[in-house]
Amino acid sequence: MVACNREVSAPGRRLALALGVKLKSQPTLITEDLISDDEPPDVERVPALVVLWCIDEPHRAGEVALVPRDAISVLGRGEGGASQEADGRLLLYRQRPGRNEWAGPLRSPRISRDQLILEHRPDGTLVVRNVGRAAMLVNREELPRARLRYGDVIELKNRLLLYVVERPLRMPAPAHARLRLHPFAGPDQHGIVGETPVMWELRERIAFVAARNAHVLIRGQSGTGKELVATAIHEMSARHRKAMVSRNAATFPETLIDAELFGNVKDYPNPGMRDRPGLIGEAHESTLFLDEIGELPAELQAHLLRVLDDGEYQRLGESQSRRSDFRLVGATNRPVVQLKHDFAARLQMHVQLPSLNDRREDIPLLTQHLLRRIAQDDPEIARRFFIDEDPEGYPRIGPALVTGLVRHEFSTHVRELGSLLWQAMAGSRGRYLDLVSDMSLEERIDEEEEEDGGAIDPSALSPEEIQACLDKHDGVQERVWRELGLKNRFQLYRLIKKHDLVVDRDSQA
């Protein structure tokens, strides 16, 4: 981080006096022209405001303002370059691996030049004060001043939505030559959407795994994109010249699993069966992707050990051995311990997918992406809800819907997001997609706001107790945390994540 010793401007001093706080010399945040490839990545993390929505500048979703620590900053409309940071003005960046690209000033005429004053205090508290003409709402409550917490949504009424997070001053530069930057906020070359640090970490992991030949286990909750990641691993690997072979392991006929995987000669094991190479034979020199691999019976997992070690296998009804040079990529929502231990040991490389609840800033970007895909095949949706009726442009979305989606607690993630958007499209009557009455949004509740108190210590609950209660209530977390005596659903969420528990055995994929 580069220190800035220039004198603070007169407007900045006036703002400090108005708040009764001494304004210190502020650091200049790292910008693209201050980065050298041989510099180590910054590890310092600071509060940040991520743009979720802007009525006049919809392209700004995903941009971030990094808030200096122990300083007063101003957010608002305005011209100028990066030197404004010396005067305490926050700038918006497109944060990419190894660089912070300045995105230019906010230009919306509905936002005041000095709209929000943010004070980061030495004790870590972040306070926002509204001094502009637009009313400020924090988590839907209109306030002139508020103490902010990570996960809060700030709205400049019907103008701008911001999400409070913590971000690194700079993301590490790409470690893999194959990792390419895609157009900001859009899908990458594999269709993966997201600009949060956790998504760039996932892309790094994919690039690393793709360059190796070991078998892979992809883990993630239902709807987090396991098949998309498997495809990306295959497409970035040396095996991409042949098509990936895919199958959902849960769909194997119970009596024919061996035949499906290893193949069989004609009329074996049952008369009338055709001669087939099996999935392992089809995947020679390619990738075999088995979704829901945790559904394979333990005895079948044992049958796969030899072929995973050296590629040797036999078709049913055939005496000679065959060899397949394939790579297995399995996907599951189950804990690793539920796989047969020697089978799991063969899946040496793991890729863990984040949930939407872990990257809420990406929800507006995913929303735009899903709506564009729908509008390209549905002219009526494009005509009703897209600016200039352009299905490749920006959808018109109301701030209430964006806020509701970002604060919603997702259980099936991108699938659930798509379903909610269809509900909004069906129920919205104007030109904007809006929050409609039949949308079942379960809002995330912060621990400090939850009044339902349980006296039980979460650490006193065993993983087996929690899993049994989840199974009893079919994964309905509202019932589970109350029966267990926890303080709120957030405590349950952390326990599920800590112990890698299965939320819903039937609906997760």
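The values are calculated or read from the model by the stated rules, or taken from the named source; none is laboratory data. Everything quoted here is computed from the prediction, not taken from an experiment. When we count neighbours, we look across all protein chains shown, and the Cβ atoms used for this are built from the backbone with ideal geometry, even at glycine.
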Query raised in the report: Which of (1) under 30 Å from Ile206 (Cβ atoms); (2) of a type in the set (A, V, I, L, M); (3) not in a strand (DSSP E or B) is the odd one out, the single condition Leu441 does not satisfy?
Result: (1)
Report task. Please find, within region 91-107, the residue that is farthest from the chain's Cα centre (by Cα) out of those that are under 29 Å from Pro144 (Cβ atoms) and crowded, with 19+ Cβ neighbours inside 10 Å. Result -> Leu106
**Report entry** region 249-283, subset of a type in the set (D, E, K, R) and outside any loop (DSSP other than H, G, I, E, B), residue nearest to Asp325 (Cα to Cα)
**Finding:** Glu282
Query raised in the report: Here is a list of conditions, (1) touching a Phe, Trp or Tyr at 6+ places or on another chain (Cβ under 8 Å); (2) loosely packed, with under 14 Cβ neighbours inside 10 Å, and Val164 meets all of them except one; can you say which number that is?
Result: (2)
Report task. Considering every residue within region 171-193, establish whether at least one is within 16 Å of Leu366 (Cα to Cα) and of a type in the set (Val, Ile, Thr). Result -> yes
**Report entry** Of all residues making up region 132-153, the number that are surrounded by fewer than 18 Cβ atoms within 10 Å (Cβ to Cβ), free of Cβ contacts under 8 Å to residues at least 60 places away in the same chain and more than 19 Å from Ala48 (Cβ to Cβ)
**Finding:** 7
Query raised in the report: Any residue in region 64-83 that is over 27 Å from the mean Cα position of the chain (by Cα), surrounded by fewer than 20 Cβ atoms within 10 Å (Cβ to Cβ) and in a strand (DSSP E or B)?
Result: yes
Query raised in the report: Only one of these conditions is not met by Glu292: (1) touching a Phe, Trp or Tyr at 6+ places or on another chain (Cβ under 6 Å); (2) on the phi > 0 side of the Ramachandran plot; (3) touching a residue at least 40 places away in the same chain (Cβ under 8 Å). Which number is it?
Result: (1)
Query raised in the report: Quick one: is Gln368 under 27 Å from Arg205 (Cα atoms) and part of a helix (DSSP H, G or I)?
Result: yes
Query raised in the report: Any idea which of (1) acidic (Asp, Glu); (2) over 16 Å from Pro97 (Cα atoms); (3) assigned to a loop (DSSP other than H, G, I, E, B) is the one Glu227 doesn't satisfy?
Result: (3)
Query raised in the report: Restricting attention to region 303-357, and to residues there that are under 30 Å from Asp267 (Cβ atoms) and in contact with a His (Cβ under 8 Å, 6 or more places away or on another chain), which single residue is surrounded by the most Cβ atoms within 10 Å (Cβ to Cβ)?
Result: Phe326
Query - Residue, nearest to the chain's Cα centre (by Cα), within region 276-296, restricted to residues that are surrounded by fewer than 20 Cβ atoms within 10 Å (Cβ to Cβ) and of a type in the set (Asp, Glu) - result: Glu295
**Report entry** Scope region 167-221; condition more than 20 Å from His350 (Cβ to Cβ) and aromatic (Phe, Trp, Tyr); matching residues
**Finding:** Phe184
Requested in this report: Determine if region 188-199 includes at least one residue that is of a type in the set (S, T, N, Q), in contact with a Lys or Arg (Cβ under 6 Å, 6 or more places away or on another chain) and either touching a residue at least 40 places away in the same chain (Cβ under 8 Å) or assigned to a strand (DSSP E or B) (or both).
Outcome: yes
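Per-residue answers, yes or no, for (1) hydrophobic (A, V, I, L, M, F, W, C); (2) in contact with a helix residue (DSSP H, G or I) (Cβ under 6 Å, 6 or more places away or on another chain); (3) touching a residue at least 24 places away in the same chain (Cβ under 8 Å); (4) outside the structural domain of Asp325 (by TED's automatic domain parsing):
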position	(1), (2), (3), (4)
Arg212	no, no, yes, no
Ile218	yes, yes, yes, no
Ser222	no, no, yes, no
Glu235	no, no, yes, no
Lys242	no, no, yes, no
Ala250	yes, yes, yes, no
Leu256	yes, no, no, no
Arg276	no, no, no, no
Leu279	yes, yes, yes, no
**Report entry** When residues of region 483-505 are limited to those that are among the basic types (Lys, Arg) and assigned to a helix (DSSP H, G or I), the one modelled with the lowest pLDDT
**Finding:** Arg489
Query raised in the report: What do you reckon, is Ala214 assigned to a loop (DSSP other than H, G, I, E, B) and either at pLDDT 95 or above or in contact with a Lys or Arg (Cβ under 6 Å, 6 or more places away or on another chain) (or both)?
Result: yes
Query raised in the report: Has region 154-164 got at least one residue that is modelled with pLDDT under 95, of a type in the set (A, V, I, L, M), touching a strand residue (DSSP E or B) at 6+ places or on another chain (Cβ under 6 Å) and assigned to a strand (DSSP E or B)?
Result: no
Query raised in the report: For Ala175, all conditions in the list (1) touching a helix residue (DSSP H, G or I) at 6+ places or on another chain (Cβ under 8 Å); (2) surrounded by 14 or more Cβ atoms within 10 Å (Cβ to Cβ); (3) not assigned by TED's automatic domain parsing to the domain that holds Leu49 hold save one; what is the number of the exception?
Result: (2)
